[in-house]
Amino acid sequence: MHLGIRLLFGFFLITGLAGFFVLRIFMVEVKPSVREVMEDMMVDTANIHLAMNVQDAMDPHGLPMELPLTVGQRIEVEGEYIPKATAGASNKKGAAAVIHFTHNPCGYAVIAGQTYR
């Protein structure tokens, strides 16, 4: 076997092993930190107060009408999230985080497949 081919094979072998160990260390270090960040984000979402503004003559911003909601219904909202530590809102379960500005220009609400802006 030619010397050049042996050197090329050795180069790829060393590069491959180095890449394997770097990726292995990267995954060991990054995976726990991603999990911690996700857990921190999810802790404060157990009790949320949803604030929806309905437009009227005095306030033209907001949703076009009151939205028909029932207990246990799944909805999707986009708005400003305020953590319970700073929201100052509460309900039967205690202090609550708030989802605010669920209307144009910041957010929307999707209920039963209908999008409200």
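Numbers for the structure displayed
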read-out	value
Residues S33, S90, sorted so that the one with the fewest Cβ neighbours within 10 Å comes first	S33, S90
Amide H partners (placed H, <5 Å) of V54, local residues excluded	L63
Overall dimensions of region 47-116 as given by Cα atoms, namely Rg and Dmax in Å	12.5, 34
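Coordinate-derived values only; no laboratory data. Remember, predicted model here, so these are calculated numbers, not experimental data. All Cβ positions, even for glycine, are placed from backbone atoms using ideal geometry, and neighbour counts span all protein chains on display.
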